[in-house]
Amino acid sequence: MNKFVELMEELSKLENEERSEKIKQLETDCVCPTCPTYNDCAKDKGENVFCIIGKSKECITMELGCLCPTCPLAQKYGIGITHNFYCSRGNEMEQSK
């Protein structure tokens, strides 16, 4: 089993509050806020770590560039190369189907 699948399984076993805390910890390695596609709407709504949470609910509608392959979080979990643009296409698990 790869590291990302293990992370997602770990997150799925946590209660909502614990899951939110774990995701906040993961945000420290997230490059979403510096990505060309990221916008003020996503910033205002606190959207990021799209590789885990999935695509933007309503903010990101145009793909202007992707930093997923360079993201420390993606690199740590071995994702971001085959699939990317998580903010507009869905998280790693959704794109891997």
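The values are calculated or read from the model by the stated rules, or taken from the named source; none is laboratory data. Here the structure is a predicted model, which is why all the values come from computation and not from measurement. Surface areas here come from the heavy atoms of the whole protein model, side chains and all, with no ligands, DNA or RNA. Shrake-Rupley method; radii C 1.70, N 1.55, O 1.52, S 1.80 Å.
Protein heavy-atom accessible surface, 1.4 Å probe, per residue over the chain: 62 Å². Ordered by solvent-accessible area of protein heavy atoms (1.4 Å probe), largest first, the residues D44, D29 come out as D44, D29. With all protein chains in place and a 1.4 Å probe, the accessible surface of the chain carries 48 percent carbon and sulfur. Ranking K22, K97, K76 from most to least accessible surface, computed with a 1.4 Å probe over the protein chains only, gives K97, K76, K22. Computed with every protein chain present, the accessible area of Y86 is close to 10 Å² [probe 1.4 Å].
Measuring with a 1.4 angstrom probe and ignoring ligands and nucleic acids, L14 comes out at about 50 Å² accessible.
Remark on the chain: ratio of C-alpha radius of gyration to 2.2 N^0.38 Å is 1.00. Exposure check, 1.4 Å probe, all protein chains in place: T82 carries approximately 120 Å² of accessible surface.
Output the relative contact order of the chain, whole-number percent, from Cα pairs under 8 angstrom with separation of 6+ residues. Relative contact order comes out at 29 percent. Measuring max minus min along each principal axis, the C-alpha atoms of region 12-67 give extents of 34, 22, 18 Å (largest first).
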